[in-house]
Amino acid sequence: MKKIIIAIDGYSSCGKSTLARQLADALNYTYLDSGAMYRAVTYYFLEHKIALEDAESINRVLQQIEIRFSPQEEGGHTLLNGEDIESEIRKMYVANWVSPVAAISAVRRAMVAQQQAMGKDKGIVMDGRDIGTVVFPDAELKIFLTADPEIRAQRRYKELLAKGLTPSIEQVRNNLQERDRIDSTRTDSPLRRASDAVILDNSNLNPIEQFEMALALAKVRL
Ligand code: CDP
């Protein structure tokens, strides 16, 4: 059967990864979380005390960063140079720095090259901010997910509590607002809807309803 690329973009915490995983499972495709890659780079910069103004060090360390994902059956964890950093990159201290890091052009160039290589055989679902606009502008299906900001904050708050983390709802709300602001206003690859992306507002949809709508869109393209 013909294989396609599905690009899912949208604001912070609007359910992109849930939808991407559901579609990948249903179609037997690979799910790739591009946001995890920017989180992994952020974690590396923080661990190695790389200043965001230090272009020379950034260019040097970007050559030393390889990001992979463990197989879906093993959890699809984010691996940074072979080390499983999945739980660390979901923490607030990484979330607080990821948008400034992701606004750096050299970082984006390195990640986009890895993402395009991962998608060269198609049969993938990738979620992020610039997948339909920059990474795969020819993706057969582009979905732009949105949801009410307060609903997004509540969802992320619950998700973090379920992981045993203890942020306040204000910290989560502020982080989402600040990331959306930085992601939408940066010069390089700002978050925006591709002109040919289908808008899906999931504020009042449960995961099954959102999945069924998206799967129907995918089936048309197949
Ligand atoms: O899961 P959530 O929506 O909170 O965010 P994420 O997908 O893990 O992405 C974390 C951050 O990475 C975003 O806020 C962006 O700053 C950056 N990002 C990006 O710039 N481009 C992408 N394709 C994906 C993420």
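The values are calculated or read from the model by the stated rules, or taken from the named source; none is laboratory data. All values derive from a computational prediction rather than experimental measurement. Cβ: placed from backbone, ideal geometry, glycine included. Neighbour counts: every protein chain shown. Heavy atoms of the whole protein, side chains included, go into the accessibility calculation; ligands, DNA and RNA do not. Shrake-Rupley method; radii C 1.70, N 1.55, O 1.52, S 1.80 Å.
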field: Residue list for segment 10-31, filter: open to solvent by less than 10 Å² (accessible area, probe 1.4 Å), in contact with a helix residue (DSSP H, G or I) (Cβ under 8 Å, 6 or more places away or on another chain) and at negative phi
entry: 12, 14, 19, 23, 24
query: Across segment 26-42, what is the number of residues that are in contact (Cβ under 8 Å) with a residue 60 or more places away in the chain and near the ligand (Cβ under 7 Å from one of its atoms)?
result: 4
statement: The one condition residue 125 fails out of (1) assigned to a helix (DSSP H, G or I); (2) under 22 Å from residue 215 (Cα atoms) is (1)
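Here's the yes/no breakdown for (1) at pLDDT 95 or above; (2) within 11 Å of the ligand (Cβ to nearest atom); (3) of a type in the set (Gly, Ala, Ser); (4) over 25 Å from residue 54 (Cα atoms):
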| residue | (1), (2), (3), (4) |
| --- | --- |
| 87 | yes, no, yes, yes |
| 105 | yes, no, yes, no |
| 117 | yes, no, yes, yes |
| 133 | yes, yes, no, yes |
| 136 | yes, yes, no, yes |
| 143 | yes, no, no, yes |
| 158 | yes, no, no, yes |
| 165 | yes, no, no, yes |
| 168 | yes, no, yes, yes |
- line: Of the conditions (1) in contact (Cβ under 8 Å) with a residue 60 or more places away in the chain; (2) within 11 Å of the ligand (Cβ to nearest atom), the single one that residue 97 does not satisfy is (1)
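Does residue 52 fit the bill of being crowded, with 20+ Cβ neighbours inside 10 Å, among the hydrophobic types (A, V, I, L, M, F, W, C) and within 16 Å of the ligand (Cβ to nearest atom)?
no
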message: I need the full set of residues from segment 193-222 which are surrounded by 15 or more Cβ atoms within 10 Å (Cβ to Cβ) and in a loop (DSSP other than H, G, I, E, B), in order please.
response: 193, 194, 197, 202, 205
